[in-house]
1. Compute the helix-to-body angle for 85-161: its Cα long axis versus the longest principal axis of the chain, expressed 0 to 90° and rounded to tens.
2. Suppose the chain between GLN81 and ASN138 were pulled fully straight at 0.36 nm per residue; how much longer would it get relative to their current alpha carbon spacing?
3. Name the most mobile residue of LEU62, LEU170, LEU44, meaning the one with the largest mean-square fluctuation, in a Gaussian network model of the chain with Cα contacts below 10 Å.
4. Per the Debye formula with a single identical scatterer at each Cα and no solvent contribution, what log10 I(q)/I(0) holds for the chain at q = 0.11 Å⁻¹?
5. What does the extension gain come out to for SER199 and GLU115, with contour length at 0.36 nm per residue minus their alpha carbon separation?
6. Could you tell me what % of all Cα pairs in region 163-227 have separations over 16 Å?
7. Each residue of region 184-194 in order: what ³J(HN,Hα) in whole Hz does its phi give by Karplus 6.51 cos²θ - 1.76 cosθ + 1.60, θ = phi - 60°, with x for Gly and Pro?
8. Pick from GLN81, GLN93, GLN214 the residue whose mean-square fluctuation is largest in a GNM of the chain, springs joining Cα atoms under 10 Å.
Amino acid sequence: MSTIDFSKLKEYDSLSKKEQQFLGEIEQEKLRTSKIKNLIENHLSQRAEIKNKISSTNNLILEKEAQVKILLEQKNRLMDQGLSEEKVKEYAQKIDQLESDAFALFEEVDQLETELKETITFENGARKTLSDIETEVNETIAKKEQDITNIKNHLLSITEELPEHIKNLLSKMIAKKLTHGPFTKIADGACLMCRFKISKIDENEIDVHRNLKQCPQCTRIFLPYGS
Ligand SMILES: [Zn+2]
């Protein structure tokens, strides 16, 4: 059996792990901006709600004012007709009540206008932060994507240099898309990845004689000790 250059496989293993790490880091970077975007979205829907409240409260105020106008006319008519003071007083009380209701609603609108301004201030701040972070995130992602491209090219050149049977085995293993990649090693007499017990004879063949073997359970390729 021809000797196998395990150092190439080992290099392949660590490079592809590095690639996975970069992909994970890119996702983390994207999360940074999507968090702020969500925050801004929330403020926009909050603002729409406040605007609706302001417009419905303003409508209520208009209604109260119209009622006051009608009651005032009725009250004046009663007074002109010289009808009972009791009745006139009743109207005056109703008008007072409506006016104080309207005043309370005015204050509510004021409060809502303040809240509206606060959401705008917050949004402007968040947009500024977002644009700063986006610049930073895009730069980081571009750099990592370049790193990944380099890694992919490197992996390709390693694969091309492998003997045909190992290249085939490796491409079959890659197609399986196993978590943590297609390689494993022996740790405490078992496969490091799936903990399948490896016999002393097999361990010897792998670590001492450096034969190419796969784990009988998870099918990962064993990298010999020290390779
Ligand atoms: Zn295994």
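1. Taking Cα atoms only, the helix is inclined about 10 degrees.
2. Here the answer is 12.5 nm.
3. LEU62
4. -0.78
5. Full extension of this stretch gives 23.1 nm more.
6. 41 percent
7. 8, 8, 8, 9, 6, x, 9, 5, 4, 7, 10
8. Per the Cα network of the chain with a 10 Å cutoff, GLN81 tops the list.
Read-outs: derived from the displayed coordinates by stated rules, not from any lab. Since this is a predicted model, take the numbers as computed values, not measurements.
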